[in-house]
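Colleague: Okay, here's the structure, questions in a sec.
The values are calculated or read from the model by the stated rules, or taken from the named source; none is laboratory data. These numbers were taken from a predicted model, which means no experiment stands behind them. Cβ sites come from the backbone with ideal geometry, for glycine too, and all protein chains shown count toward neighbours. Keep in mind that these areas ignore ligands, DNA and RNA; they rest on the heavy atoms of the full protein, side chains included. Shrake-Rupley method; radii C 1.70, N 1.55, O 1.52, S 1.80 Å.
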Amino acid sequence: MKTTSDVRTLTRKPLPDNSKLNNFFIDSLQDIYYAEDHLVDALEKLAEKATTESLKAAFEEHRAVTKGQINRLEQVFDSIGEQPQKKTCHAIEGIIKEAKAIIKETDADTITRDAALIMAAQKAEHYEIATYGTLVPLARVLGHQKAAMLLAETLQEEKAADASLTDIAESFVNEMAGEEAEDE
Ligand SMILES: [Fe+2]
Ligand SMILES: [Fe+2]
């Protein structure tokens, strides 16, 4: 079984750039680069369709943060001597497709719409947290210290976005949704 000390040993001895692990790291960067790019448009749509001002503001704020993350990913590629490239991320396409379906299935100007949008957005955040959560230690193991630092910054932003959505849901969204009766 691998222990933390094994990982530290690997950190001291970077693997060659053409290693399978490094190729996997680059591939995963291309995947999340594609995902972030698509989330910029998706977040605009979510903000437009949200009912409450606080949720609209949260989506707009995270959209601005996401643009910064795209920029940061370009710095990550640069730090390892790679050109930024996108690779289709089927997972985020599915999550965005589901968000669009949720918009169709819920009534405009209702709190139920906001509760549903929060769930859709948190699925995207959790996908991002899972991806960056693995990319950070991978970058360290591969000896890409600058990339690890940059990716860790983004990981913190995704966690903060997820927590703020939970706060909005807990403060009023779920509670008020219970008061909206289902149409007979
Ligand atoms: Fe992101
Ligand atoms: Fe995000």
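Colleague: If we scan segment 145-162, do we find a residue that is open to solvent by less than 20 Å² (accessible area, probe 1.4 Å), more than 16 Å from ligand 2 (Cβ to nearest atom) and either among the aliphatic types (A, V, I, L, M) or within 20 Å of LYS49 (Cβ to Cβ) (or both)?
Modeller: Within segment 145-162 (the criterion being open to solvent by less than 20 Å² (accessible area, probe 1.4 Å), more than 16 Å from ligand 2 (Cβ to nearest atom) and either among the aliphatic types (A, V, I, L, M) or within 20 Å of LYS49 (Cβ to Cβ) (or both)), the answer is yes, since at least one residue qualifies.
Colleague: Determine which member of the set ASN71, ASN23 is away from ligand 1 (no atom under 16 Å from the Cβ) and open to solvent by 60 Å² or more (accessible area, probe 1.4 Å).
Modeller: Testing whether each residue is away from ligand 1 (no atom under 16 Å from the Cβ) and open to solvent by 60 Å² or more (accessible area, probe 1.4 Å) leaves just ASN23.
Colleague: Pick from LEU150, LEU155, LEU165, LEU138: which is in a helix (DSSP H, G or I), within 16 Å of ligand 1 (Cβ to nearest atom) and more than 14 Å from the chain's Cα centre (by Cα)?
Modeller: Every option except LEU150 fails the conditions.
Colleague: Also, I was wondering about something else. Applying the selection to segment 50-68, what residues are part of a helix (DSSP H, G or I) and open to solvent by less than 30 Å² (accessible area, probe 1.4 Å)?
Modeller: Within segment 50-68, LEU55, ALA58, PHE59, HIS62, THR66 meet the criteria.
Colleague: Hey, any hits in segment 80-96 for a residue that's open to solvent by less than 70 Å² (accessible area, probe 1.4 Å), over 23 Å from ALA163 (Cα atoms) and in a helix (DSSP H, G or I)?
Modeller: no
Colleague: Going through segment 107-121 one residue at a time, which ones are surrounded by fewer than 17 Cβ atoms within 10 Å (Cβ to Cβ) and either polar (S, T, N, Q) or in contact with a strand residue (DSSP E or B) (Cβ under 6 Å, 6 or more places away or on another chain) (or both)?
Modeller: Result: THR110, single match.
Colleague: Going through TYR132, TYR127 one at a time, which residue ends up being hydroxyl-bearing (Ser, Thr, Tyr), in a helix (DSSP H, G or I), in contact with a Leu (Cβ under 7 Å, 6 or more places away or on another chain) and modelled with pLDDT of 95 or more?
Modeller: TYR132
Colleague: If you check every pair at least six apart or on different chains, which have Cβ atoms under 6 Å apart with a residue in segment 84-107 that is at pLDDT 95 or above first and a residue that is open to solvent by 70 Å² or more (accessible area, probe 1.4 Å) second?
Modeller: From residues that are at pLDDT 95 or above, the pairs are ILE95/LYS123.
Colleague: Can you report the number of residues in segment 29-49 which are open to solvent by less than 40 Å² (accessible area, probe 1.4 Å) and more than 16 Å from ligand 2 (Cβ to nearest atom)?
Modeller: Number satisfying all stated conditions: 1.
Colleague: For segment 118-140, name all the residues that are touching a residue at least 60 places away in the same chain (Cβ under 8 Å) and either within 11 Å of ligand 2 (Cβ to nearest atom) or farther than 25 Å from GLU53 by Cα (or both).
Modeller: ALA121, ALA124, TYR127, GLU128, THR131, TYR132, THR134, LEU135, PRO137, LEU138, ALA139, ARG140
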